[in-house]
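Read through the structure below, which is laid out as C-alpha cells, and then see the notes.
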Amino acid sequence: MFLDTPKRPPRTRRYVEMAFDQVKSKKHVRDVVILNDSGHPVRSTMDQDDAVQFSGQFQAIRGRLERGMSKIDPTDELLMLRVRTKTNEVLLVPDSKITVLVVQDAHDNFEK
C-alpha cells in the first residue's frame, strides 16, 4: 500500500442493491443514483448519460464545500448535503463505500 492509506472495506454489489432498494422505496423519492468511491454511477433510476451528468455536478459542489469546510475545521467531515428548491430536494450522502444521491419531491409536514 502507498503511504499507509487506511484500507476501506470493498463495496459489494449486494450492499449497493440493498442501499438502492431501501432508498427507492421511500415516499416522495423520484430518482436515486449510487456512486462508487471514484464518483462513477454504478446504479441509477436515471439513464446513464443523465446519471453521469447529474452526479458530476453534485460531486463538484461537494468538492467545493469540503474544501471550504476544511478551512473552518480540518477535522470535520461531510455527512450530508441537502439542496432544496420550491418543488425538489436533492440529498447527497457519502459513506465509506458509496455515495447516494437522491432526488425527491419537496414536501412539508404541515397544511397550508
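The values are calculated or read from the model by the stated rules, or taken from the named source; none is laboratory data. The model shown is predicted, which means the values in this text are computed figures rather than measured ones. Quick reminder, even Gly has a Cβ in these numbers, built from the backbone with ideal geometry, and neighbours come from all protein chains shown. These accessible areas exclude ligands, DNA and RNA; they are computed on the full protein's heavy atoms, side chains included. Shrake-Rupley method; radii C 1.70, N 1.55, O 1.52, S 1.80 Å.
Being within 13 Å of the chain's Cα centre (by Cα) and either assigned to a strand (DSSP E or B) or modelled with pLDDT of 95 or more (or both) is the filter here, so list the residues in the stretch 25-51 that pass it. Don't jump to the end; show me each part of the working.
Going residue by residue through the stretch 25-51, those that are within 13 Å of the chain's Cα centre (by Cα) are 31-44, 51.
Residues satisfying the conditions are Asp31, Val32, Val33, Ile34, Leu35, Pro41, Val42, Arg43, Ser44, Ala51.
Whenever a residue of the stretch 24-37 is under 20 Å from Gln59 (Cα atoms) and without any contact (Cβ under 8 Å) to a residue 40 or more places away in the chain, it has no partner that is exposed (fewer than 13 other Cβ atoms within 10 Å of the Cβ) and of a type outside the set (Val, Ile, Thr) lying with C-beta atoms less than 6 angstrom away and at least six residues away or across chains. When the stretch 28-69 is limited to residues that are closer than 15 Å to Val102 by Cβ and of a type in the set (Gly, Ala, Ser), the one that is most open to solvent (accessible area, probe 1.4 Å) turns out to be Ser44.
If you take the residues in the stretch 70-94 that are open to solvent by less than 70 Å² (accessible area, probe 1.4 Å) and part of a loop (DSSP other than H, G, I, E, B), which one is farthest from Arg30 (Cα to Cα)? Can you show your working first?
First, the residues of the stretch 70-94 that are open to solvent by less than 70 Å² (accessible area, probe 1.4 Å): 70, 73, 78, 81, 83, 88-94.
Of the ones still in play, those that are also part of a loop (DSSP other than H, G, I, E, B) are 73, 78.
Values: Asp73: 34, Leu78: 24 Å.
Among residues in the stretch 70-94 that are open to solvent by less than 70 Å² (accessible area, probe 1.4 Å) and part of a loop (DSSP other than H, G, I, E, B), the one farthest from Arg30 (Cα to Cα) is Asp73.
Taken as a whole, the stretch 75-95 holds at least one residue that is within 12 Å of the chain's Cα centre (by Cα) and modelled with pLDDT under 90.
Selection of first residues in the stretch 44-71 that are within 22 Å of Arg13 (Cβ to Cβ) and of second residues that are hydroxyl-bearing (Ser, Thr, Tyr), restricted to Cβ pairs under 7 Å at least 6 apart or on distinct chains, gives the following pairs, ordered by first then second residue: Ala51/Ser44.
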